[in-house]
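Since every read-out is calculated from the coordinates, none of them should be taken as a lab result. The structure displayed is predicted, hence computed values, not measured ones. Don't worry about glycine lacking a Cβ; one is built from the backbone with ideal geometry, like all the others, and counts go over all protein chains shown.
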Amino acid sequence: MADVVRRAYAVLHCKAVDDDQRIIRGIASTPDPDRMGDIIEPLGITFKNPVPLLLYHDTKRPVGTVAFDAPTVDGLTFTASLPRVAAAGTVRDRIEEAWESIKAGLLAGVSIGFRSIEDAWHKETGGIRFLKSEVLELSLVAIPANAGATIASIKALDLATYPPAPPVVRSLPPQRKAMTTAERITQFENTRAAKAARLNTIMTDAGDATLDDAQVKEYDGLEQEVHSIDSHLVRLRALEQSNQAAAIPVPPQPTALVTKTQHPIIQVKANVPPATAFIRYCQAKAFGRGDSMKELAFAQQWEDSTPEVITVLKAAVAAGTTSDAVWAGPLAPIKPLSDAFLSLLRPATILGKIPGLRNVPFNVSVPVQTGGGTYTWVGQGAPKPVGSLAFSTITLGITKCAGIIVITEELARNSSPAAEDVIRQDMINGIAAFLDVEFTDPTKAAVAGVSPGSITNGVTAITSAGTTPANARTDIQALINAMTAAGISTVGAVLIMSETNAAALGASLNALGQDLFPGLGSTGGRAMGIQVIASQSAANNVILIQPSTVLFADDGGVSIDISREASIQMDGAPAAVPDATTVYTSFWQMNYVGLRAERFVNWKRGRTAGVQRTSQAYVAA
């Protein structure tokens, strides 16, 4: 959000006055973190002198002009002047009010209004590090946030008439602990990056013209400082390597000693349902309509229970999307929120319930053994058989499932637990149901570059023995036999069947009145020693899977985008190529909010025999 005007503050100190002119000189910004954890890199600051001096960032209340000096590594200095107005009226009253407030110590701070050009999330401070910025104005304010900068002097009026106000006493900052070598390396790398950025800015601003004397002096000085930092970094990295080589491992403490000397770590968490923070993040984004200030204001109501929502919204101010790898650093805080949502989504899907799937990266070829060597008994002095292994490769491309959830503006604004639960359950149930059907439906074939085929697609079904529970035992045994006959162990294998079939088998009794499938019910359990996953998406299919033979790729996140202005086809199967009959619904006209959810996921059988299936609707007996 490069066009959002931001603010950074400094402490104001009144020093001296005279009757010639009203001039304030001081520091407008320093590289120290402010009380919100934000850092403005001084060498990345640009401006066009003069800029207005305002009261409280109110563009309708100017009280003077400001000229900034060339930024240095220590900060940005300025000279501001408040004019004298002879004619009585609003302008003179406003300027006199500002000047009297400064002298009385009522206006205790100054603040720059600036536009972010390039920024990044700063994990050490929890704030934003502004690498490049443009200062638009300087304001007199009452509440400072950056206590590291001061006003050097104030000149105005007659000393005899207006005695100087006592200086504001500022306590010394607490002593910082000594930095490690690694921390010093990071500090110098950050300083070098800021100086290099300033060098680039100087050359860019010059355009086709040569540098003037001031620019040449600044450029040469910065270039020399960069070379000096580079040399110092070489020494620091050598020292770090030397320290690592000389490090002595600390022997582990005995268990008994640990029990006596260490204290348990206590964590206090809000008593809210899982994934509430993620859902509230979506609500705030929907309410804000792209305005980061509105989003933050809306999220303030949950500060006590889910403060991470505010942290994420603050970090995500500069975000365009949540899946672009370039934004991984700035958006790192959003991962725990999406993880909370996935912790609900994954258990709700068949994929989340199957243990032992072979996780692989996207677009990486994975070797799969298709043949083994030759082995036999060999007598004394007899030749040994020679065999060869056979391999093939499988690559899982990038595929994604997506859907658009449309809710009313009233529901988006409603922050009650009931509204949150509606959104949460719709997202979880919708994605879970879709993935389950896609994973189990034998008719679902793979579409290159679009979607994976079901895990059962292309698997020849074993003919069922019948509809009775006794027939079910025969069918399951046939599935086991087919898998083991191909040399694949059933240890760790799972059965997938519908909740209807699982309930029917679980309620079945043998001739003695005993459970035919002990421990099996509509929610799953075990059948003939094999774990059963119950999902209605399986329909009449009974599927035996050896998870270790199934490749599975998942980027581990859900991308959520929100729109109020789009016009879309309100159809579960929208036309890929719209024609004259295509009907669009305007979110803006209907007061709708659209949330688009995307998850990158793919799967494929590594060995065909690792999946066996039959099809039957069993009847309880």
Margin query: Please list, in order, the residues from the range 432-467 whose amide nitrogen is less than 15 Å from a point placed 7 Å along the Cα→Cβ vector of Ala576.
Written below: 445-452
Next item on the list: Give me the number: length gained by fully extending Phe188 to Val491, i.e. 0.36 nm times residue separation minus the C-alpha to C-alpha distance, one decimal in nm.
Entry: 103.6 nm
Checklist line | Amide proton proximity set for Glu137, modelled H, under 5 Å, gap of 5+ | finding: Gly113
Item checked: Cβ-Cβ FRET estimate between Glu410 and Gln224, R0 fixed at 60 Å, reported to 0.05 -> 0.45
Margin query: Checking the a/c ratio against 1.5 first, then a/b against b/c, what shape does the Cα gyration tensor give for the range 487-621?
Written below: prolate
Notebook entry, point to check: Given labels modelled 7 Å from the Cα in the Cβ direction, how far is it in nm from Leu296 to Thr463?
Noted result: 7.1
Next item on the list: Determine the shape class of the range 181-244: with a ≥ b ≥ c the square roots of the Cα gyration tensor eigenvalues, call it rounded for a/c under 1.5, and otherwise prolate if a/b is greater than b/c, oblate otherwise.
Entry: prolate
Item checked: At R0 = 60 Å, FRET efficiency that the Cβ-Cβ distance of Ile568 and Val85 yields, to 0.05 -> 0.55
Check: Using the count of nearby Cβ atoms within 10 Å as a rough guide to exposure, how do His232, His227 rank from fewest to most?
Finding: His227, His232
Item checked: Net lengthening on full extension, Ile530/Asn481 (0.36 nm per residue, minus Cα-Cα) -> 16.3 nm
Check: Over the range 472-521, what is the mean sequence separation of C-alpha contacts under 8 Å (at least six apart), divided by residue count, expressed as relative contact order in percent?
Finding: 25
Next item on the list: Quick one: Debye curve from the alpha-carbon atoms of the range 30-126 only, equal weights, vacuum; give me log10 I(q)/I(0) at q = 0.12, 0.13, 0.20 Å⁻¹ to two decimals.
Entry: -0.50, -0.57, -1.10
Check: Counting Lys and Arg as +1 and Asp and Glu as -1, what is the net charge of the other residues whose Cβ lies under 12 Å from the Cβ of Val611?
Finding: +4
Note to self: Shape verdict for the range 471-554, please, from the Cα gyration tensor: rounded (a/c under 1.5), prolate (a/b greater than b/c) or oblate.
What the structure shows: oblate
Note to self: Test of understanding: ordering Tyr592, Tyr618, Tyr584, Tyr219 by Cβ neighbours within 10 Å, fewest first, what list do you get?
What the structure shows: Tyr584, Tyr219, Tyr592, Tyr618
Next item on the list: Using the structure shown, select from Lys285/Lys444; Lys285/Lys604; Lys285/Lys400; Lys60/Lys294; Lys353/Lys400 the pairs with a Cα to Cα distance greater than 27 angstrom.
Entry: Lys285/Lys444; Lys285/Lys604
Next item on the list: Kindly put Cys282, Cys401 in sequence by how many other C-beta atoms sit within 10 Å of each C-beta, fewest to most.
Entry: Cys401, Cys282
